[in-house]
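Structure, as structure tokens:
The values are calculated or read from the model by the stated rules, or taken from the named source; none is laboratory data. All of these numbers come straight from a predicted model, not from anything done at the bench. Cβ placement follows ideal geometry from the backbone for every residue including glycine, while neighbour counts extend to all protein chains displayed.
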Amino acid sequence: MMKNLLGVFFLLLLAGCFSSPQPDRWKSESAKAFERYKEHTLKGKKLLAKHELNQARSYAAEGGDFERMASVMLGACTLEKILYKKSSACKEYQELQSIHTSPKIASYDALVHKKYANVHIEALPKRYRTFAKALINKDFQAANKALKEQKNPQTMLVELYLLGTHSDDETLKTALQRFRMYGYKEAILYVLHVELARSHSQRVKEKLKKEIAILKKSGEFE
């Protein structure tokens, strides 16, 4: 009985040794790492976010996929500039852009940098198209409506940034509720800063300043 079990064990071991590697695994691994990067960034976990961004870029490099690398770094550049006003990913994206780009990346780049004349709606990810069309046409009522109906909270943050001073109170309220649902502390801070800049009430301003200070302080222990 023992010999039979050992025989089965060695057969399984040999099968594992000679199994073929999974093709294009780097694509899915890069995509998963980038999703984790966005989650960690929005939750204020900067060290974890940095690790996952490096992983996402590294996996894309394994396949020599410069388009994927550019997409990753543009996404990181956009998110970090919205939340932190600056990003080291932007420089690397610009280097990649100079040697490789695509209509999809070029249109998203133009959108997030507010160069609307260079945006091709059909080249954008589908989840952005309704909002982008309204924004470019300066139909801010329709843009607010599209943003409130946005199902992806990460896309919602980018759209909120692009809408700027044209976002209405109901849109801000909807976005804040969504970010709280997902525990996106950094996105919550973004909305609170917008509300602070808009408020004309000293009492409300003081309340918002305290909330912002408390949330920022919580990040010191992560």
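Could you list, in sequence order, the residues of the range 195-216 that are among the hydrophobic types (A, V, I, L, M, F, W, C) and either in contact with a Ser or Thr (Cβ under 7 Å, 6 or more places away or on another chain) or over 22 Å from residue 46 (Cβ atoms) (or both)? Step through it out loud before you land on a result.
To start, the set of residues in the range 195-216 that are among the hydrophobic types (A, V, I, L, M, F, W, C) comprises 196-197, 204, 208, 212-215.
Once the filter is applied, which keeps residues that are among the hydrophobic types (A, V, I, L, M, F, W, C) and either in contact with a Ser or Thr (Cβ under 7 Å, 6 or more places away or on another chain) or over 22 Å from residue 46 (Cβ atoms) (or both), the range 195-216 yields 196, 197, 204, 208.
Only residues that are of a type in the set (Ser, Thr, Tyr) and at pLDDT 95 or above: list them for the range 171-200, please. Lay out the reasoning, then the answer.
Just the residues of the range 171-200 that are of a type in the set (Ser, Thr, Tyr), to begin with: 171, 174, 182, 184, 190, 199.
Listed by number, the residues that qualify are 171, 174, 182, 184, 190.
Give me the pairs: first residue in the range 81-99 and closer than 26 Å to residue 185 by Cα and surrounded by fewer than 18 Cβ atoms within 10 Å (Cβ to Cβ), second residue among the small types (Gly, Ala, Ser) and at pLDDT below 95, beta-carbon distance under 6 Å, and six or more apart or on different chains, which are they?
Listed by first residue and then by second, the contacts come to 81/87.
It is to be established whether one or more residues within the range 129-151 are hydroxyl-bearing (Ser, Thr, Tyr) and closer than 24 Å to residue 180 by Cα. Walk me through it before giving the result.
Taking the range 129-151 first, the residues hydroxyl-bearing (Ser, Thr, Tyr) are 130.
Okay, now just the ones that are also closer than 24 Å to residue 180 by Cα, so none.
No, the range 129-151 contains no residue that is hydroxyl-bearing (Ser, Thr, Tyr) and closer than 24 Å to residue 180 by Cα.
Yes/no matrix, rows are residues, columns are (1) at pLDDT 90 or above; (2) loosely packed, with under 10 Cβ neighbours inside 10 Å; (3) not in a helix (DSSP H, G or I):
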position	(1), (2), (3)
40	yes, no, no
44	yes, no, yes
47	yes, yes, no
61	yes, no, no
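Considering every residue within the range 152-160, establish whether at least one is of a type in the set (Val, Ile, Thr), in contact (Cβ under 8 Å) with a residue 40 or more places away in the chain, within 22 Å of residue 108 (Cα to Cα) and in a helix (DSSP H, G or I). Break it down into steps so the answer makes sense when it comes.
Taking the range 152-160 as the starting set, the residues that turn out to be of a type in the set (Val, Ile, Thr) are 155, 158.
Right, trim to in contact (Cβ under 8 Å) with a residue 40 or more places away in the chain and you get 158.
Next cut, within 22 Å of residue 108 (Cα to Cα) only: 158.
Keeping just the survivors that are in a helix (DSSP H, G or I) gives 158.
The answer is yes, given that some residue of the range 152-160 is of a type in the set (Val, Ile, Thr), in contact (Cβ under 8 Å) with a residue 40 or more places away in the chain, within 22 Å of residue 108 (Cα to Cα) and in a helix (DSSP H, G or I).
Of these, 68, 36, which one is part of a helix (DSSP H, G or I), at pLDDT below 95, within 27 Å of residue 162 (Cβ to Cβ) and among the charged types (D, E, K, R)? Break it down stepwise before answering.
On the way: 36 fails: at pLDDT below 95.
None of the other options fit; the residue is 68.
The rows are residues; the columns are (1) out of contact with any helix residue (DSSP H, G or I) (no Cβ under 8 Å at 6 or more places or on another chain); (2) crowded, with 18+ Cβ neighbours inside 10 Å.
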| site | (1), (2) |
| --- | --- |
| 152 | no, no |
| 163 | no, yes |
| 178 | no, yes |
| 200 | yes, no |
| 206 | yes, no |
| 214 | yes, no |
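Restricting attention to the range 167-194, report how many residues are part of a helix (DSSP H, G or I) and either farther than 16 Å from residue 46 by Cβ or among the β-branched types (Val, Ile, Thr) (or both).
Keep residues of the range 167-194 that are part of a helix (DSSP H, G or I), which gives 169-182, 185-194.
Now narrow it down to the ones that are either farther than 16 Å from residue 46 by Cβ or among the β-branched types (Val, Ile, Thr) (or both): 169-182, 188, 191-194.
Residues in the range 167-194 being part of a helix (DSSP H, G or I) and either farther than 16 Å from residue 46 by Cβ or among the β-branched types (Val, Ile, Thr) (or both): 19 in total.
Residue pairs, Cβ under 8 Å, 6 or more apart or interchain, first in the range 196-216 and among the polar types (S, T, N, Q), second surrounded by 13 or more Cβ atoms within 10 Å (Cβ to Cβ) and assigned to a helix (DSSP H, G or I). List them.
From residues that are among the polar types (S, T, N, Q), the pairs are 199/205; 199/208.
Quick one: which residue in 76, 31 is at pLDDT below 95, small (Gly, Ala, Ser) and either closer than 24 Å to residue 161 by Cβ or in contact with a strand residue (DSSP E or B) (Cβ under 7 Å, 6 or more places away or on another chain) (or both)? Spell out how you get there, then give the answer.
Values: 76 fails: at pLDDT below 95.
So the residue among 76, 31 that is at pLDDT below 95, small (Gly, Ala, Ser) and either closer than 24 Å to residue 161 by Cβ or in contact with a strand residue (DSSP E or B) (Cβ under 7 Å, 6 or more places away or on another chain) (or both) is 31.
Is it true that some residue in the range 113-121 is within 25 Å of residue 181 (Cβ to Cβ) and either touching a residue at least 40 places away in the same chain (Cβ under 8 Å) or outside any helix (DSSP H, G or I) (or both)? Outline the logic, then answer.
Filtering the range 113-121 down to residues within 25 Å of residue 181 (Cβ to Cβ) leaves none.
Scanning the range 113-121, I find no residue that is within 25 Å of residue 181 (Cβ to Cβ) and either touching a residue at least 40 places away in the same chain (Cβ under 8 Å) or outside any helix (DSSP H, G or I) (or both), so the answer is no.
Of the residues that sit in the range 100-129 and are among the aromatic types (Phe, Trp, Tyr) and either in contact with a Phe, Trp or Tyr (Cβ under 7 Å, 6 or more places away or on another chain) or surrounded by 16 or more Cβ atoms within 10 Å (Cβ to Cβ) (or both), which one is nearest to residue 51 (Cα to Cα)?
Taking the range 100-129 first, the residues among the aromatic types (Phe, Trp, Tyr) are 108, 116, 128.
Retained after the next criterion (residues that are either in contact with a Phe, Trp or Tyr (Cβ under 7 Å, 6 or more places away or on another chain) or surrounded by 16 or more Cβ atoms within 10 Å (Cβ to Cβ) (or both)): 108, 128.
Values: 108: 25, 128: 28 Å.
The extreme case among them is 108.
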